[in-house]
1. Filter the stretch 77-86 down to the residues that are surrounded by fewer than 16 Cβ atoms within 10 Å (Cβ to Cβ) and assigned to a helix (DSSP H, G or I) and list them by number.
2. From Ala73, Ala34, grab the single residue that is closer than 22 Å to Ser111 by Cα and surrounded by fewer than 16 Cβ atoms within 10 Å (Cβ to Cβ).
3. Report, by residue number, each residue of the stretch 87-111 that is assigned to a strand (DSSP E or B) and either farther than 22 Å from Asp29 by Cα or charged (D, E, K, R) (or both).
4. Which pairs have Cβ atoms under 8 Å, sit 6 or more apart or on different chains, and link a residue in the stretch 43-55 that is closer than 15 Å to Ile157 by Cβ to one that is assigned to a helix (DSSP H, G or I) and open to solvent by less than 20 Å² (accessible area, probe 1.4 Å)?
5. Quick one: would you say Lys66 is in contact (Cβ under 8 Å) with a residue 12 or more places away in the chain, touching a helix residue (DSSP H, G or I) at 6+ places or on another chain (Cβ under 9 Å) and open to solvent by 50 Å² or more (accessible area, probe 1.4 Å)?
6. Return a yes/no flag: does the stretch 88-108 have any residue that is of a type in the set (A, V, I, L, M, F, W, C), under 20 Å from Gln23 (Cα atoms) and modelled with pLDDT of 95 or more.
7. Inspect the stretch 38-57 for any residue being assigned to a strand (DSSP E or B), under 24 Å from Ser161 (Cβ atoms), open to solvent by less than 30 Å² (accessible area, probe 1.4 Å) and not basic (Lys, Arg) and give the result as yes or no.
8. Filter the stretch 112-130 down to residues that are surrounded by 11 or more Cβ atoms within 10 Å (Cβ to Cβ) and not in a strand (DSSP E or B), then give me how many there are.
Amino acid sequence: MTKVLYPGSFDPITKGHMNIIEQASNLFDEVVIAVMQNHSKKSSLFTLEERLEMIRKLYQNMNNIKVISARGAAVDVALLNECKAIIRGLRSLSDYDYEVQLQQINKEISSNEVNTVCLFADKDYQFISSSMVKEVFTLDKNILGYVDPIVQQKMLIKKISLIQ
């Protein structure tokens, strides 16, 4: 069985992320989505638990997708979960440059046990990022083109709770 890890902060998970997950789930036996605790980011819209809950709800009917929380190096999480590769989504040339460096380090750290597989989001999703979604949302614009309705609803609830 070929397992792969798809790590990210997913704050929030976007249709771009979901497109990469769909592609990976069609290529591999199991996709482990690792919702990472990113201490370098000063603030998050959603807590780790909220992100886990959303993603689990989105993929509750997918037998080959597992959702976990993780901290530390993604390559260590991949090794711990017996994943043969780390999935990375590419949107632009600048993403590629960064991912080449990261994959080389990950391969070295894992003693060549973990590869990196880069997937391109479909053209409709290549420009979407979590940061962009949050920015558009703060401007009170429609984000349904960028996130699943489940995520939009959670963002609206979060916005109301922050106002009160």
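1. Leu80
2. Going through Ala73, Ala34 in turn, the sole match is Ala73.
3. Arg88 - this is the single residue of the stretch 87-111 that is assigned to a strand (DSSP E or B) and either farther than 22 Å from Asp29 by Cα or charged (D, E, K, R) (or both).
4. These pairs meet every condition: Leu45/Met155; Phe46/Met54; Met54/Val151.
5. no
6. Within the stretch 88-108, none of the residues are of a type in the set (A, V, I, L, M, F, W, C), under 20 Å from Gln23 (Cα atoms) and modelled with pLDDT of 95 or more.
7. No, there is no match, as no residue in the stretch 38-57 is assigned to a strand (DSSP E or B), under 24 Å from Ser161 (Cβ atoms), open to solvent by less than 30 Å² (accessible area, probe 1.4 Å) and not basic (Lys, Arg).
8. Of the residues in that region, 11 qualify.
The values are calculated or read from the model by the stated rules, or taken from the named source; none is laboratory data. If you're wondering where the values come from, they're calculated on a predicted model, not measured in any experiment. Glycine also receives a Cβ, built like all others from the backbone with ideal geometry; neighbour counts cover every protein chain displayed. Remember, those area values only see protein heavy atoms, side chains included, never the ligands or the DNA or RNA. Shrake-Rupley method; radii C 1.70, N 1.55, O 1.52, S 1.80 Å.
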